[in-house]
Structure formats: C-alpha cells, structure tokens
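Here's the structure, in structure tokens; my notes come after.
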Amino acid sequence: MENLSNNIVRTADVIGKKIIGINQEALGKVEELVLDKQNGMVRYAVLARGGFMGIGSEFYAIPWAALEYCIDNNAFKINISKDDIEKAPGFNKESWPDFADESWDKSNNDFYNHLIVPKSPMSKEQKDFISEGGNSQPLNKDIQS
C-alpha cells in the first residue's frame, strides 16, 4: 500500500488487496468498498472469492470494523477461517444486497458478531458512528463506553 500516512490510504490501494483469515489462509480479495454517503465512513469491504476474473465469484460484505491491516502479509486480516467464510451470508455479482435494508444489515452483522474475536477497543469515531445508527449492532459487543 502506498503510504500516504500511517492511517490514510487511497481506495485504489485497498481494492484488490488480499484478505486473509486465521493462520494466514487466503480468503479472497477486496472487490469493492461500500461507503455511508451521509458520514463518509466505510461500512463494508466486499470480499470476492472463487471464480475467474470476477466470473462465478461469490461475494461477502465484511464489516469494515472487522478487518485490520497486517503489514507483514500486505493484506487485510479477519479473525475467521475459510470454513467460517463459506457459511457467511453471500451474494453474486448480479444480485447485490440492499445495504441500507436494516434487516439485511442486522443479519449480516449478527453473523460476524458471533465469529469475530474483539481485536481492540473501538475508537471514539467508531462508537459515535454506531450510536448514530451507522450499524445495527456493534461488532465488539463487550466494549463499554
């Protein structure tokens, strides 16, 4: 990734990056980023896996807060396995979900809430985003204000 600063990157440097799971197993790559156009925050990284050049790929909307950047692997990391991601709610290229649908949002985030090991306390911005309705459920349920 091009180093614009320690925490700021261009979307072009994120799209196409590998996503790895536990034990550094390859899960796929970032196909797209889904933004909240009201507050500008990234809501989801869309993971693409399988297929060839996007044909026949399965897609998964991984909550952005569930990912962390792993410098050693030059990849984003999520604390789930390849078997777990295969059980995740997915979609195909022709049938993207309505990311604004509250029931879809809750169902998708509930899947990841049960699998993700909290990696660190949420930042103030993440807590504010969630409290303003940015996500139906926080990914780190045990974190208190």
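Derivation of every value follows stated rules applied to the coordinates shown; laboratory data play no part. Keep in mind that what you see is a predicted model, and the values were worked out from it rather than measured. Because the Cβ atoms are built from the backbone with ideal geometry, glycine has one as well, and the counts that use them run over all protein chains shown.
How many nm is it between the label spots at N73 and V42, if each spot is 7 Å from the Cα in line with the beta carbon?
Calculated label separation equals 1.6 nm.
Could you give the length gained by full extension between A12 and W96, i.e. 0.36 nm per residue of separation minus their alpha carbon distance, to one decimal place?
28.1 nm
At 10 °C and 1.306 mPa s, what whole-number value in µm²/s does Stokes-Einstein give for the translational diffusion of the stretch 23-74, with Rh from the Kirkwood sum over Cα pairs?
130
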